1. I'd like to know which of PRO160, LEU122, PHE148 lies farthest towards the positive end of the charge dipole of region 108-187, counting +1 on Cβ of Lys and Arg and -1 on Cβ of Asp and Glu.
2. In sequence order, what are the phi-derived ³J(HN,Hα) couplings for region 122-137 according to the Karplus relation 6.51 cos²θ - 1.76 cosθ + 1.60 with θ = phi - 60°, rounded to whole Hz, with x for glycine and proline?
3. What FRET efficiency, computed as 1/(1 + (r/R0)^6) with R0 = 25 Å and r the Cβ-Cβ distance, is obtained for LYS25 and LEU117, rounded to the nearest 0.05?
4. State, as an integer percentage, the relative contact order of the chain based on alpha-carbon contacts under 8 Å between residues 6 or more apart.
5. Where the accessible area of the chain is counted over protein heavy atoms with a 1.4 Å probe, how much of it, in %, is carbon and sulfur?
6. What is the dipole size for region 19-104, taken about its Cα centre, with +1 at each Lys and Arg Cβ and -1 at each Asp and Glu Cβ, in debye to the nearest 20?
7. Once every DSSP H run of n ≥ 4 in the chain is given -39500 (n - 2.57) and the sum is divided by its residues, what mean residue ellipticity at 222 nm do you get, rounded to the nearest 500 deg cm²/dmol?
8. What full-extension length gain, to one decimal in nm, is calculated for SER129 and ASN149 as 0.36 nm per residue of separation minus the Cα-Cα distance?
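The values are calculated or read from the model by the stated rules, or taken from the named source; none is laboratory data. None of the values given here were measured: they were computed from a predicted structure. Cβ atoms come from the backbone with ideal geometry, glycine included; neighbour counts cover every protein chain shown. The area values use the complete protein model at the heavy-atom level, side chains included, leaving out ligands, DNA and RNA. Shrake-Rupley method; radii C 1.70, N 1.55, O 1.52, S 1.80 Å.
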Amino acid sequence: MFTYLIYNMILVLSFLSAYLAEFSKTKFQRIVCRIVLFNILFIPAAIRYNVGTDYPNYVDYFNSVYGNDVNEYGFYVLTVFLRNIGLPVHSLFVASSFLSYFPLLFLSRRSYSIKILFYVLLLYLISLSAIRNAISISIVLLSFDLLFNGKVKKSLMIYPVSILFHTSALFFVPFFIVHALTSGSPA
C-alpha cells in the first residue's frame, strides 16, 4: 500500500509542479517549479534499492563492465567513469536517474504540465527498470520538443546523444526525415 501511495504522490506532485512551471507569472517561479519537479522525480529514483526488474542486471553490468560487449557507448562510458573514480554501484542508479529526468527541465513551456503528466504516467515506472532506454527516451523527447518548436539545429545536435544510451532511439530517425521533407527545413 505504501508503494502505491508514493507513486501516486509522485504523480500528483509532479503534475502540480509542472502546472505551476507552465503558468507561473515570473521566470524565477517557473525555474523553481521545474527544479522542484526534477527533485520529485529524481530523488525517489536515485535512492531506490533493488527496485525494478533489471536492477540486479545493472549491478552485474557495473561490476563486470570491462568484459561486456558494448552497444550503447554512452552508458558504457558513464559506467566506466563511475568505476574509475571509485564510486559504488549505486552511483550508476543516481547518475542514470539524473540523466533520465534532467532533459525534462528543458521542455518548452507550452503544454508542459500535460507533457510531464504523460511522461510520469507512461514512462516513470518503466524508467526504474529500463535505465538505458529511459535516458534515451528523455533525450528523444527533448529533441522532438525542440524540433516541433522550430529549433531544428538544436534538435539534430541533441538527438544523436540518445542513440549513445540505447540503440532503439534509431527507430525515430524516419520521423526526423519526414519532418524535414514536410516542413522544407534542411535536415
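1. Most positive-ward Cα: PHE148.
2. Each residue of region 122-137 in turn: 9, 10, 4, 5, 5, 5, 7, 10, 8, 5, 4, 5, 5, 4, 4, 5 Hz.
3. Efficiency, rounded to the nearest 0.05: 0.70.
4. 23 percent
5. Looking at the chain in its full context, I get 71 percent from C and S.
6. Charge dipole of region 19-104: 580 debye, to the nearest 20.
7. Helix-only estimate at 222 nm: -22000 deg cm²/dmol.
8. The span from SER129 to ASN149 would gain 4.1 nm if fully extended.
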